[in-house]
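Input: a single structure, listed below in structure tokens.
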Amino acid sequence: MKKKLVGMLILAMTATTILGGCGSKEGKEETSDGKVKIRFASWDTAEDVERQQKLVDQFNAEHDDIEVTLEAYGSDFDTKISAGMGSGDTPDVMYMWNYPAYADGLEPLDSYIEKEGEDYKSNFYDTLWNYNSLDDTTYGIPVGFTTHALFYNKDLFAEAGIEEPTNDWTWDDLQKAAKTIYEKCGVKGFSFQMKPDPYDFEMYLWSNGAAYTDEDGNLEKNLNSKKSKEVFEMFQEMEKEEYAVATEKTGTDEFRAGNTAMYVYGSWAINSLEEDGMNYGVVNIPSFADADHPSVSILSSSGISISKDSKHKEEAWEFVKFWTSEEMNKERIGLELPVLNSVVESEKIMEQPQYAPFYTMLEQSDGYTPASFIIDEWSELSESLSLSFEQVFNPSVLEKPSDVLDEAAQQ
């Protein structure tokens, strides 16, 4: 679920002194000037650390009694968080995404949220709470997200002489356009991943009225249902007819190079496309013509959590409130899509065509639970499913989807 998430950090503390005696805060770790020390952990990349550090410095300047320290773990985030939880050395506050894996080490936040009043919680997009909770318990406050949407190359559509995609498109519309572009322009009309991340790919099944599993975790008659098989057959058929291509990576490289006219991806691609000066557009993911609801997207959602073992939970919550405030949500625009209704409105995000579809997809995707939140051994199953999906989409294999899914459902 983590994937490509933009803008995340980790804070490690410097040497600490446990102060005792008259006037001290018993059990609190404090700096030499009496401030309570809070460790804040995230997975931000090096290029974003300086920007995030300035925001942490702002919090420290505004608080006489708390000092937050920050350290970027980068790609080692999960390893270090897991090690910290195992050794009892978890940061007080941390970015979070994989709640099924880490929930036992996290502080339930519902009582903290309740104290802030209904306006605090209701300002966040409702769908985001689904991805920051587990078993009806909230473990993270949303700070960033992306859904998926359809990116398209405006120049290729113009060259082919066909109308650009709209938010009302179905997969039938996409296939017709992709074929025309392939025939007239000599480039692939659509691309998708040859070995898709199962976490992401489930959104296509949802859009067609299916899912990997039921609420009890049963794959049989779900992963291999008629509706599920239709999705895999559609993607494979586009590939067989050669107007679509299954890529080894995300499809962004092919799209930026002008070698494919359309692909589905998260908002992570926007910055690179803007830097390229590419003439592109973004619309909702196409829907299935026979479905009784619009298309659905998976979410890659980042939250901020408090360690269950933190000795400074009230101070940690103060920092969480700061980091999830309107001011900070605005400051992180460009690193993360805003999660607050008030910020989306004040910054006129929905008037920006490159961002609006991700919010439309967010609203359309409420109420869906990823299999990763249902199946305990999701990590192992995900690896197995990924290999199965590759059997369907690898051009050197292209096994019959029905057979592959029937076998995969027996796991």
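How far apart, in nanometres, would the label points at Thr137 and Ile333 be if each is projected 7 angstrom from Cα along the Cα-to-Cβ direction?
Reported label-point gap for Thr137 and Ile333 is 3.7 nm.
Among Ser342, Ser191, Val404, which residue has its Cα furthest toward the positive end of the charge dipole of the chain, with +1 on Lys/Arg Cβ and -1 on Asp/Glu Cβ?
Toward the positive end, the furthest listed residue is Ser191.
Taking the dipole about the Cα centre of the chain, with the C-beta of Lys and Arg at +1 and of Asp and Glu at -1, give me whichever of Pro395, Thr90, Leu150 is farthest to the positive side.
Farthest along the dipole direction, towards plus: Pro395.
Counting Lys +1, Arg +1, Asp -1, Glu -1, what net charge surrounds Glu233 among other residues with beta carbon under 15 Å of its beta carbon? Can you show the working numbers first?
Working: positive: Lys226, Lys227, Lys229, Lys240, Lys400; negative: Asp172, Glu230, Glu237, Glu239, Glu241, Asp290, Glu399, Asp403, Asp406.
Neighbourhood net charge equals -4.
Apply the Karplus parameterisation 6.51 cos²θ - 1.76 cosθ + 1.60, with θ equal to phi minus 60°, to every residue of segment 401-406 and state each ³J(HN,Hα) to the nearest whole Hz, in sequence, with x for glycine and proline.
Per residue, the Karplus-derived 3J(HN,Hα) values read x, 4, 5, 5, 6, 4 Hz.
Could you tell me the relative contact order of the chain? Use alpha-carbon pairs under 8 Å, at least six residues apart, and round to a whole percent.
On the way: 769 pairs, mean separation 96.9, N = 411.
Computed over the chain, the figure is 24 percent.
Per-residue HN-Hα couplings for segment 67-83, Karplus 6.51 cos²θ - 1.76 cosθ + 1.60 at θ = phi - 60°, whole Hz, x for Gly and Pro?
Couplings: 10, 9, 10, 10, 8, 8, 8, x, 5, 8, 3, 4, 4, 6, 5, 4, 5 Hz.
As I understand it, the dipole of the chain uses +1 on the Cβ of Lys and Arg and -1 on the Cβ of Asp and Glu, about the Cα centre. Which of Asn208, Ala257, Ser310 lies farthest toward its positive end?
So the residue furthest toward the plus end is Ala257.
Using the Cβ atoms and a cut-off under 9 Å, what net charge is assigned to the surroundings of Tyr182, where Lys and Arg are +1 and Asp and Glu are -1? Don't skip to the end; give the middle numbers.
Numbers: positive: Lys179, Lys184, Lys188; negative: Glu183, Glu241, Glu242.
Its environment carries a net charge of 0.
So what's the angle, to the nearest 10 degrees on a 0 to 90 scale, between helix 226-240 and the longest Cα principal axis of the chain?
70 degrees
What value in Å³ per residue do you get for the convex hull of the alpha-carbon atoms in the chain?
Numbers: hull volume 58.2 nm³, N = 411.
Convex hull of Cα atoms, per residue: 142 Å³.
5 Å is the cut-off here: which amide hydrogens, built 1.01 Å from N in the peptide plane, fall below it relative to Val143, excluding neighbours closer than 5 in sequence?
Ser302, Gly303, Ile304
With each label point set 7 Å from Cα along the Cα-Cβ vector, what nm distance links Glu345 and Ser111?
Using points 7 Å along Cα→Cβ, the separation is 3.2 nm.
Using a Förster radius of 22 Å, what is the FRET efficiency between Asp33 and Asp78 based on their Cβ-Cβ separation? Nearest 0.05, please. Can you show the working numbers first?
Values: r = 34 Å, r/R0 = 1.55.
FRET efficiency, Asp33 to Asp78: 0.05.
Give the long-range amide H neighbours of Thr170: residues separated by 5 or more places, or on another chain, with amide H under 5 Å away, using H modelled in the peptide plane at 1.01 Å from N.
Long-range HN contacts for Thr170: Ser287.
Could you name the lysines whose alpha carbon sits less than 17 Å from that of Lys37, not counting residues in the same chain fewer than 8 places away?
Lys25, Lys28, Lys308, Lys311, Lys313, Lys321
Just by accessible area at a 1.4 angstrom probe, what is the order of Lys400, Lys195 from largest to smallest? Please report the intermediate quantities before stating the final value.
Values: Lys400 125, Lys195 95 Å².
Largest accessible area first, the residues go Lys400, Lys195.
Based on DSSP H runs of at least 4 residues, each adding -39500 (n - 2.57), what is the mean residue ellipticity at 222 nm of the chain after dividing by all its residues, to the nearest 500 deg cm²/dmol? Walk me through the intermediate numbers first.
Details: 18 runs with 164 residues, N = 411.
The per-residue figure over the chain is -11500 deg cm²/dmol.
Can you give me the long-range amide H partners of Ser365? Hydrogens built in the peptide plane at 1.01 Å from N, cutoff under 5 Å, separation of 5 or more residues or another chain.
Excluding prolines and chain starts, which carry no amide H, the hits are Ser297.
Using the Cα centre as the reference, give the magnitude of the dipole from point charges on the C-beta atoms of segment 113-230 (Lys, Arg: +1; Asp, Glu: -1; all else neutral), rounded to the nearest 20 debye. Walk me through the intermediate numbers first.
Values: 12 positive and 23 negative charges, 148 e Å.
The dipole of segment 113-230 has a size of about 720 debye.
Can you give the charge dipole size of the chain about its Cα centre, rounded to the nearest 20 debye, using +1 on the beta carbon of Lys and Arg and -1 on the beta carbon of Asp and Glu?
Values: 34 positive and 79 negative charges, 111 e Å.
I would put it at about 540 debye.
Relative to the longest principal axis of the chain, what angle (0 to 90°, nearest 10) does the C-alpha long axis of helix 378-393 take?
Result, in degrees: 20.
Distance in nm between label sites at Glu399 and Asp309, each 7 Å beyond Cα in the beta-carbon direction?
Result: 4.2 nm between the two label points.
Whole-Hz ³J(HN,Hα) for each residue in segment 258-275, computed from phi via Karplus 6.51 cos²θ - 1.76 cosθ + 1.60 with θ = phi - 60°, x for glycine and proline: what do you get?
x, 8, 8, 8, 8, 7, 9, 7, x, 6, 4, 6, 4, 4, 5, 5, 5, 4
Please identify every one of the GluC sites (Glu not before Pro) in segment 373-411 that sits in a loop by DSSP and has no more than 10 other beta carbons within 10 Å of its own beta carbon. The partial results should precede the final answer.
Values: sites: Glu377, Glu380, Glu383, Glu390, Glu399, Glu407; in loops: Glu377, Glu399.
Sparse-neighbourhood loop GluC sites (Glu not before Pro): Glu377.
Could you name the aspartates and glutamates whose alpha carbon sits less than 17 Å from that of Lys184, not counting residues in the same chain fewer than 8 places away?
Asp155, Glu159, Glu163, Glu164, Asp173, Glu241, Glu242
Accessible area per residue, 1.4 Å probe, Å², for the chain: what's the number? Walk me through the numbers on the way to the answer.
Values: 17610 Å² over 411 residues.
Per residue, the chain has an accessible area of 43 Å².
Using a 1.4 Å probe over the heavy atoms of the protein chains, calculate the carbon and sulfur portion of the accessible area of the chain as a whole percent.
43 percent
Using Cα atoms only, what is the angle between the long axis of helix 46-62 and the major principal axis of the chain, expressed in degrees (0 to 90) to the nearest 10?
The two axes meet at around 40 degrees.
Enter the Cα centre distance for the pair segment 99-125 and segment 348-411, rounded to the nearest angstrom.
Their Cα centres are 27 Å away from one another.
To the nearest 20 debye, what is the magnitude of the charge dipole of segment 138-294 about its Cα centre, counting +1 on the Cβ of each Lys and Arg and -1 on the Cβ of each Asp and Glu? Don't jump to the answer; show the numbers that get you there.
Numbers: 13 positive and 29 negative charges, 35 e Å.
Once rounded to the nearest 20, the dipole reads 160 debye.
Just how far, in whole angstrom, is segment 216-286 from segment 154-207 if you go by their alpha carbon centroids?
Taking the Cα centre of each part, segment 154-207 and segment 216-286 sit 8 Å apart.
Considering only DSSP beta bridges with both partners in the chain, what is the antiparallel share in %, to the nearest 5? If you can, show how the numbers build up before the last one.
Working: 26 of 41 bridges.
The answer is about 65 percent antiparallel.
By a straight-distance test (C-alpha under 16 Å), which lysines pair with Lys348 as possible cross-link partners, with residues fewer than eight away in the same chain excluded?
Cross-link targets: Lys330.
So what's the net charge close to Met194: Lys and Arg +1, Asp and Glu -1, counting the other residues with Cβ under 14 Å from its Cβ?
Local net charge: -4.
The values are calculated or read from the model by the stated rules, or taken from the named source; none is laboratory data. Remember, predicted model here, so these are calculated numbers, not experimental data. Cβ coordinates were reconstructed from backbone atoms using ideal geometry, including for glycine residues, and neighbour counts include every protein chain displayed. Ligands, DNA and RNA are excluded from the accessible area calculation, which covers all protein heavy atoms including side chains. Shrake-Rupley method; radii C 1.70, N 1.55, O 1.52, S 1.80 Å.
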